[in-house]
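I have placed the structure first, in the form of structure tokens, so that the comments after it can refer back to it.
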Amino acid sequence: MDRGNPPVKGRGLASRILQGDIKAASRLMRDIDDEVEGTVEELKLLYPRTGNAYVIGITGPPGVGKSTLVDRMIELLRKEGKTVGVVAVDPTSPFSGGAILGDRIRMQRHSTDDGVFIRSLATRGQLGGLSRSTHDVVKVLDAMGKDVIIIETVGVGQDEVEIARAADTSIVVLVPGLGDEIQAIKAGILEIGDIFVINKCEQEGADRLENELRLMLEMGSKRPDGWVPPIYRTEAIKGEGIKELLEGVWRHRETLLEGEGHKRHLRERARAELLEIIQAEVMRRLLEGLGEELERMVEEVASRRKDPYTLAEEVLERFLCQGTKSKG
Amino acid sequence: MERKIRVLIAKPGLDGHDRGAKVIARALRDAGFEVIYTGIRQTPEQIANAALQEGVDVVGLSCLSGAHNQLFPRVVELLREKGAGDVLVIGGGIIPYDDIPRLKEAGIEEVFQPGTPIEEIVNYIRKRMEERRKEG
């Protein structure tokens, strides 16, 4: 909610976006990120025009060259005549609430290309808000008619994993010599990677990394669609291996589109998205309804006069039973 | 939720010295702003497009090469052309005092000289953003 600007309903952003207005798209993304009231109305209008873009997620530890890889992928996709949207997510500082978003540096040469739209997002550390706003920004790019949308995230937290999960094809990027690289990716990322990339493959240890990775992938459970995640070697800085990587992406898409896999994927995604929106909205309305009372409850728990379980039950009974007042 | 202040820090021109720009970026982050840094040797077109796509409130230009008289006004011009004339454009770097009036006339709303305390820049941006929000 922007206290300075009273919310204006139906600002017509959606229709302007559909007419190709870049400024309107950028503005709506800002409203999504700032959680401005009335944004949902615009998204409702855009929704019927989404679902056409192919979404690629790229994740991996800091410093493995994700942004450079994305830059090269944009280059190639543009040569193939495809328009590209990029959402680059970087962490918000937990101390100041600020962020430096630097992924764009590597992709800036595409700034003047009308077929490319790059947006940096900070995680902002809200309750489940990160993936929601990312998904909504992706929807805007989708409605803008971008053929391919790339989401770049640092693969260290659960939120990032969730974002990648929402992609049609998830790419996990690693480099040789990270030390415990395999350790770092054990927790969940191995399962979500549809494709693995060993970037900076000219460095020592690429063979070992590939062997370890292959071993771990073989140990993992078989995927229902029979897809075996391939491992590609790239040297993004020189643009090497990118063509093969993209071919891998399209092969994965084919597998996805064949048979039941795609339907299941779409259903899973729809379920996750619906639950996420419900969760965020319930939380928002609850907190709004509680207002100042929340702090009093916190005080009661902190001073151990009451237990949090009873209070939580009381809150839920009060709000869920009477039905949350609709607003916004 | 309050609107975050989003700032693009950009270095137009050919000099490769971005220490100052990076220090500013850090300081603005520590002030709670979201800072997009686009690196060195940017053309005004790249900067204006990045500002547009990123939906920033502020563009901070840093130039040490002496080409500020051409590059800074060009960024403002392009932003206006693209319908983003509402973005606050400020500048810094090695800017002779005599050039400042001309830059301000061209739409660079403030120019910060070397040695400006970073707090001053932060406060300036905060103040301007508050004013704008009140205006609606």
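Residues in region A:216-238 that are in contact (Cβ under 8 Å) with a residue 40 or more places away in the chain and assigned to a helix (DSSP H, G or I): A:Ala236, A:Ile237. Please verify whether B:Leu71 is more than 7 Å from chain A (Cβ to nearest Cβ), in a loop (DSSP other than H, G, I, E, B), out of contact with any His (no Cβ under 7 Å at 6 or more places or on another chain) and surrounded by fewer than 24 Cβ atoms within 10 Å (Cβ to Cβ), treating the condition exactly as stated. No; evaluated as a whole, the condition is false for this residue. Contact annotation: residue pairs with Cβ atoms under 6 Å, 6 or more positions apart or on different chains, pairing a residue in region A:13-42 that is more than 8 Å from chain B (Cβ to nearest Cβ) with a partner that is of a type in the set (S, T, N, Q) and assigned to a helix (DSSP H, G or I), are A:Asp31/A:Thr39; A:Ile32/A:Thr39; A:Ile32/A:Ser133.
Quick grid of which residues meet (1) modelled with pLDDT of 95 or more; (2) part of a strand (DSSP E or B); (3) surrounded by fewer than 24 Cβ atoms within 10 Å (Cβ to Cβ):
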| position | (1), (2), (3) |
| --- | --- |
| B:Ile9 | yes, yes, no |
| B:Gly20 | no, no, yes |
| B:Gly39 | no, no, yes |
| B:Ala48 | yes, no, no |
| B:Leu61 | yes, yes, no |
| B:Gly66 | no, no, yes |
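From the list B:Leu52, B:Leu79, the lone residue that is within 26 Å of A:Asp34 (Cβ to Cβ), more than 7 Å from chain A (Cβ to nearest Cβ) and crowded, with 22+ Cβ neighbours inside 10 Å is B:Leu79.
The values are calculated or read from the model by the stated rules, or taken from the named source; none is laboratory data. What you are looking at is a predicted structure, and each value in this text was computed from that prediction instead of being measured. Methodologically, a virtual Cβ is constructed for each residue, glycine included, from the backbone with ideal geometry; neighbour enumeration extends over all protein chains shown.
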